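Below is one structure, written out as structure tokens, with a few remarks after it.
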2 protein chains.
Amino acid sequence: MPDVATIEDVATRAGVSVATVSRALRGLPHVSPATRERVSRIAAELDYRPNPHASRLAAGRSGTIGIALPLLNSWFYGNVLAGVETVLSDDQLDMHLVTVGGREAMERFVSGLPSLSKQVDGLVIVDVFMPDQLWEDLAGGNLPVATVGIDVGRFDSVLIDNLKAARGAVAHLLELGHRRIGFIGGAIGESVEMESAEERRRGRVMALADLGIDDDNDLQMAGNFSVDGGREAMAQLLAGPQPTAVFCASDEMAIGAMQAVADAGLSVPDDVSIVGFDDQPVAAALGLTTVHQPVSAIAARAAAMVLDRVGGLDAPPIRLEVATRLEVRRTTASTI
Amino acid sequence: MPDVATIEDVATRAGVSVATVSRALRGLPHVSPATRERVSRIAAELDYRPNPHASRLAAGRSGTIGIALPLLNSWFYGNVLAGVETVLSDDQLDMHLVTVGGREAMERFVSGLPSLSKQVDGLVIVDVFMPDQLWEDLAGGNLPVATVGIDVGRFDSVLIDNLKAARGAVAHLLELGHRRIGFIGGAIGESVEMESAEERRRGRVMALADLGIDDDNDLQMAGNFSVDGGREAMAQLLAGPQPTAVFCASDEMAIGAMQAVADAGLSVPDDVSIVGFDDQPVAAALGLTTVHQPVSAIAARAAAMVLDRVGGLDAPPIRLEVATRLEVRRTTASTI
DNA sequence: CTGAAAGCGCTTACAG
DNA sequence: CTGAAAGCGCTTACAG
């Protein structure tokens, strides 16, 4: 990588101007076939690569798409990245990753937004909660944005109906005869709470209300979307309010909950029924009843929407809702 | 984000030159406190942000670190990303992600390297196999590089001893009395095979050899590092050579294998013992015996090494080997 | 079809 | 301590 050849070198050697080299190499019109051929050959010989910063500075486009998400080490976000990646790689676009977990990181993200908007051609924002004002600012810019898991109205978004999905999952437990149905969700009281966790929480309350059952707040626990968090939350539920079933906002937490049940010498589903959310491959392997959502397809759609905007699409924001389904497996059983 | 204020605007308004603004804002010396204060205030008022492309073009540094890895949607690589992220965010550095799975993507990666090396200040390469010539080319450039999971000699690297870890895992099975010990690894015959999978495979063979047991090739299966792959591989082993124990090169595959055993109406560990690799949280929850490795710490170290080089460290390549340990849990048992 | 030139928005010697 | 100016390597009207 003795980084060398500039456009100037190519131009000199080809006996043309840098303008012509630029046009020839980018496939722009108004270049004679012969010239284009010669320039291309010489560029190849010299192993010339345009300096991306120079291109971007001059052209105003960057060839990279940004993606902002709360964390990296979870099945869900890994698949989000994979989904985005598939569509970016088709267009040879690069991916600029920014993690926005917690208050401090969010502030940095927000204050870096003006810079970021010069570095990327578009932005996919996943589950990042921000004050309304910031969304407004973002909308004021001209950066194409699509959101996943949040619906801000001003941008393209792809979503699942968390409320409905959760309601359906809990309805399943109700049909099986359960009445004391716990919930394990995100970090309760966190200012940067994830919207989806909150909606799933509310979905459970609604399902209970559908049958005229009053919610018991003691049955709601924070599980931080981790296996360990799920296990600890479940241990507390078992030690205290003792639900007969628990709905978890992620498979990870559900798996932790299963562990806690086993640790307590109890059995799933004989003593406690458990439902997860996501349907990652491990869920199927464990026979976990869970809500299936097509994560990487969702992320891919969002990325495609951003690219459409980058390509010049001018239309009102599109809101795409993707279906989920309950996969009933072996961790849920009737109470009798 | 009505992207506006340039360094020129700030200079004009502050009544100084752009050079002074540049110095003042970057904390460079030779700026009077009064001037610096005034410039900073005005920059803030104007919400001025340096255009990163201009900075990079002029300064030759990019403020971003690249990371190349084979895939995104696995526990392992998610944690790699998280580990890198922690150290980058301390230095306000950005992360440029490139996925290099499969032959085609690798070719694109390689041909894009000259460009990439202008876009990033350093590069972390994880488990990406490349022809020797390419490593040599890379080394010829002046881009700081650290590798994870591969040892090229010319670059800083952080590694675990896969051979030893695998050997230890299989030795554990041998001690329990197992003799027909299967292996489920990566994609056999893939040209872009992962080095780690290959080493783990060889570790098993060595452990067998230690006891004078000849390897039975029929006991080796491809599992593609996925739950489904592990399940299918195990199903074939059960249908054919019927090992009494299986060592899997990842927890995901081990979990798939456990499912296959259950599907066959058999029990773990009574009929078949299973060992995984990674020790992701789900492994503990399932009681999976597995090889523990500190993934995000490994990745964080590699990132830190790159940053040291970016910072000017000039020293021979550092090779850091990180310890693993076998976590014996409930999926392995004695044959009697 | 092609070129000369301005311009993108910074940084960095070089003077002073 | 500060400024004028060149330069980073491209792209893009504008002429021709």
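What the table shows:
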{"quantity": "Förster radius 35 Å - calculated FRET efficiency between A:ASP263 and B:ALA323, Cβ distance, rounded to 0.05", "calculated": "0.80"}
{"quantity": "Amide H contacts of B:CYS248 (H built 1.01 Å from N, under 5 Å, at least 5 apart or other chain)", "calculated": "B:ILE184, B:VAL275, B:GLY276"}
{"quantity": "Projected label distance in nm at B:ALA187 and B:ARG154, using a 7 Å step from Cα toward the beta-carbon", "calculated": "2.6 nm"}
{"quantity": "Equivalent ellipsoid, the stretch A:69-130 (semi-axes from 5 times Cα gyration tensor eigenvalues, Å)", "calculated": "20, 17, 7"}
{"quantity": "Computed over the stretch B:224-271, Cα set: Rg, Dmax in Å", "calculated": "9.4, 26"}
{"quantity": "Per-selection Kirkwood Rh - the stretch B:154-259 (Cα, Å, 1 d.p.)", "calculated": "13.7 Å"}
{"quantity": "Dipole magnitude of chain A, debye to nearest 20 (Cβ charges: Lys/Arg +1, Asp/Glu -1, about Cα centre)", "calculated": "1060 debye"}
{"quantity": "Overall Cα dimensions of the stretch B:10-51, principal axis frame, Å, largest first", "calculated": "23, 19, 15"}
{"quantity": "Rg(Cα) / (2.2 N^0.38 Å) computed for the stretch A:27-88, rounded to two decimals", "calculated": "1.76"}
{"quantity": "Solvent-free Debye scattering, log10 I(q)/I(0), computed from the Cα coordinates of the stretch A:227-336 at q = 0.18 Å⁻¹", "calculated": "-0.82"}
{"quantity": "Cα-projected label distance for B:ASN217 with A:LEU28, points at 7 Å along beta-carbon direction, nm", "calculated": "5.8 nm"}
{"quantity": "Unit Cα scatterers, Debye sum, the stretch A:44-169: log10 I(q)/I(0) for q = 0.14, 0.23 Å⁻¹", "calculated": "-0.68, -1.52"}
{"quantity": "B:GLY63 long-range amide H proximity, modeled H, under 5 Å", "calculated": "B:ASP121"}
{"quantity": "Whole-Å semi-axes of the stretch B:99-190's equivalent ellipsoid (Cα gyration tensor)", "calculated": "35, 16, 9"}
{"quantity": "Coarse-grained scattering of the protein assembly as shown at q = 0.07 Å⁻¹, given as base-10 log I(q)/I(0) from a Debye sum over alpha-carbon atoms", "calculated": "-0.53"}
{"quantity": "Zero-based 10 Å bins, Cα pair distances in the stretch A:199-292, whole percents", "calculated": "18, 52, 29, 2"}
{"quantity": "Descending Cα extents along the principal axes, chain B, whole Å", "calculated": "86, 40, 32"}
{"quantity": "Options A:ALA257, A:ALA222, A:VAL275, ranked by Cα towards positive dipole end of the stretch A:172-313, top entry (Cβ charges)", "calculated": "A:VAL275"}
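Coordinate-derived values only; no laboratory data. Please read these numbers as outputs of a predicted model, since none were measured by experiment. Every residue, glycine as well, gets a Cβ built from its backbone with ideal geometry; the counts of neighbours run over all protein chains shown.
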